[in-house]
1. Quick check on this structure: which one of G120, G33, G94 is crowded, with 17+ Cβ neighbours inside 10 Å and at pLDDT 80 or above?
2. Which ones in the stretch 123-148 are in contact with a His (Cβ under 8 Å, 6 or more places away or on another chain), surrounded by 14 or more Cβ atoms within 10 Å (Cβ to Cβ) and small (G, A, S)?
3. Please state which one of E60, E77 is over 29 Å from T166 (Cα atoms), assigned to a loop (DSSP other than H, G, I, E, B) and at pLDDT below 75.
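The values are calculated or read from the model by the stated rules, or taken from the named source; none is laboratory data. Remember, it's a predicted structure, so these values are computed and weren't measured experimentally. Cβ: placed from backbone, ideal geometry, glycine included. Neighbour counts: every protein chain shown.
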Amino acid sequence: MRSLFNWIDRRTEQRLRQVAHSHGRRSLLARLGVALVGGAVLPMLPFDRSGQFMGAQAAEPGKAPGAKAHDDPMQCEYWRYCAFDGYLCTCCGGTLTQCPPGTDASKVSWVGTCLNPKDGRHYLVSYNDCCGKGSCGECLCNNNERERPGYRLGVHNDINWCMANTSSMFHCTTSVIVGVA
C-alpha cells in the first residue's frame, strides 16, 4: 500500500513540474482572471423568464380558471397597468385607486394611455406611488408600454415619485383613470 502512495506522489510531482516548466505564473494568473470575470458576467446574460412563474400562478387558490389576466386587478397583465412600474397596491392592502392604511399618495405621478379591451377605448391612467412605509414586496410589475426616456419625467416610470412627499419611502402604486384619451 505504501508503495502505491509513493508512486502517486512521484507521478503527481512529475506532472506538476512539467506544468510549471511549460506555463508561467502570469499565464496562471491570466486564466484565473478570465475565469473570475467570466463567472461574474455570466449571471448578467439575458434569458427568458416569461414562463418562470406560470405553474405558481395557475395553482393560486381563489382565481377563476377561465379569468383573463387583463380583467384581474391582481395580475400584472390587467389593462390599466400598461405603463405600470412597482408593487400593486391591490396586493398590499390598498385598492386600484386608494393607498393602503399608513401610506400617502405621492404628490407627483406619471401617466400612461391604456387600451381597455372590453370597450376598445384608450384611457388616460395616472400612476400614483403610495409613500411612507417600506416596500410592499408583493406583486411586482414592470410594464413599459410607450414609456419615454428619463428626461420626459411625466411619462417615465423608473423614478421614485415619493420624492415630493415628507417621507420618500416607496410602498406600492395605484392606477387611477383620469379621463378618456
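1. Just a single option satisfies the conditions, and that option is G94.
2. Matches in the stretch 123-148: G132 only.
3. After ruling out the rest, the residue left standing is E60.
Yes or no, residue by residue, for (1) modelled with pLDDT of 50 or more; (2) surrounded by 10 or more Cβ atoms within 10 Å (Cβ to Cβ); (3) in a helix (DSSP H, G or I):
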position	(1), (2), (3)
S3	yes, no, yes
S27	yes, yes, yes
G38	yes, no, yes
A64	no, no, no
